[in-house]
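Asker: Structure below; questions to follow.
Just so it is clear, none of the values below were taken in a lab; they were calculated from the coordinates. Everything numeric in this text was worked out from a predicted model, so none of it was measured. Glycine gets a Cβ as well: all are built from the backbone with ideal geometry, and neighbour counts include every protein chain shown.
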Amino acid sequence: MKTALIVIDVQESFRHRPYFSDRHVSEYLRHQNALIEGIQRRGIPIIRVFHVEGEKLASNAFAVESGHVRPLQGLADFDAALTVHKSRHSALVGTVLEVWLTQQGIQKLIISGIRTEQCCETTTRHASDLGWQVDYVTDATLTFDMQNADGSTLSATDIKTRTATVLEKRFARVCTVAQALEAA
């Protein structure tokens, strides 16, 4: 089965958001980089996705003009088979990604990146609905604590658990880096 890895929104822009925390970054990068390196050894194409939105100003961390729409420091270097800029949560909306994957005969996607419950989960659900088989590599995703409406904190760990729970066997096979590489 022809496979591709999608690395979603692993970009410096996040360091400029008030919710950003370095707490899980090194662990995440260790897993993300192991996935990238394993995929490269297998000759599987890697797609790089950057999130770009808002005003085209240097002060907007998600604008190309800011200089922050670039790989997160510490991310393994790789030659992307395709790089897309998206402005929606799903990497398949408003980009050439769906057409490119179809033209390449890709049948299975491996999803990784930032944020677990947002762009990674949304792309996973969308890809599944469009017919791709999806491996969601939860340890190669990163997110941050969030505040509930009542002011309590929902931890990044709980968010990752919730995302894995709702995706498993509905939209994806939730797996570790080792399991994704074994099945690639």
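Asker: In terms of the ratio Rg/(2.2 N^0.38 Å) built on C-alpha atoms, what value belongs to the stretch 3-183?
Answerer: 0.97
Asker: Treating cross-link reach as a plain straight distance, find the lysines whose alpha-carbon is under 30 Å from the alpha-carbon of Lys169, omitting any fewer than eight places away in the same chain.
Answerer: Here the lysines satisfying the reach criterion relative to Lys169 are Lys2, Lys86, Lys108, Lys160.
Asker: Any idea how far the Cα center of the stretch 1-48 sits from the one of the stretch 110-140, in Å?
Answerer: 12 Å
Asker: Modelling each spin label as a point 7 Å along the Cα-to-Cβ direction, I'd like the Ser21/Arg170 distance in nm, to one decimal.
Answerer: 2.5 nm
Asker: Show me the ranking of peptides 171-178, 108-115 by mean Cβ neighbours inside 10 Å, starting with the highest.
Answerer: Highest mean packing first, the order is 108-115, 171-178.
Asker: For Thr102 and Ser152 in the same chain, what is the full-extension length gain: residue separation times 0.36 nm, less their Cα-Cα distance, in nm?
Answerer: Answer, rounded to one decimal: 13.7 nm.
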